[in-house]
Amino acid sequence: MDAREVVAATGPNPQARLPFADVDEPAPVVVAYGAGVDSTALIIERHARGERIDMALRAIMPEKPQTLAHIQIFEAWMDAHGIPHATVSYTPTRFKHWPPYQDLLENCLTNGTLPSIAFGRHSCSLGPAL
């Protein structure tokens, strides 16, 4: 079934039942756990409200020792509260440049660039205190 057939089958109402979708089953609730204050607070708050979390996923990243200690403590908390969690990793297999890289340093050397923090931007760290 291509996109035109889906629109024809459901009409303009996006809530309409698709012939291949079982809408009686709720969609899984998967939380991206980055080990920062926001994702940690989100998991704690959802649990406190009694809201479902089917899985908390954390990607393997180079972390500071303090963050690794926090992850260990918080994963134990999730275990104690019945929140499933997993740590995932991705190994690149297709590379725009050569040689292949496995971590941020190798990525920067291969691509001839610097991490975004070097340009005054950052997306996954609190940055220096002002």
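Here are a few things to note about the model shown:
- Residue match in segment 62-77 (condition: open to solvent by less than 70 Å² (accessible area, probe 1.4 Å), more than 21 Å from V29 (Cα to Cα) and at pLDDT below 75): no
- Test: residue in segment 81-97 that is modelled with pLDDT of 75 or more, out of contact with any strand residue (DSSP E or B) (no Cβ under 8 Å at 6 or more places or on another chain) and within 30 Å of G50 (Cα to Cα): yes
- Residue that is most open to solvent (accessible area, probe 1.4 Å) [pool: residues in segment 10-38 that are modelled with pLDDT under 75 and closer than 30 Å to T87 by Cα]: D24
- Total residues in segment 48-61, condition open to solvent by 100 Å² or more (accessible area, probe 1.4 Å) and either in contact with a helix residue (DSSP H, G or I) (Cβ under 6 Å, 6 or more places away or on another chain) or under 26 Å from L104 (Cα atoms) (or both): 2
- Contacts under 7 angstrom Cβ, first residue in segment 106-121 being closer than 16 Å to P62 by Cβ, partner not aliphatic (A, V, I, L, M) and not in a loop (DSSP other than H, G, I, E, B), 6 or more apart: L114/C108; P115/C108
The values are calculated or read from the model by the stated rules, or taken from the named source; none is laboratory data. This one's a predicted model, so the numbers in the text were calculated from it and none came from an experiment. Positions of Cβ are backbone-derived with ideal geometry, glycine not excepted, and every protein chain shown enters the neighbour counts. Note: areas computed on protein heavy atoms with side chains; ligands, DNA, RNA excluded. Shrake-Rupley method; radii C 1.70, N 1.55, O 1.52, S 1.80 Å.
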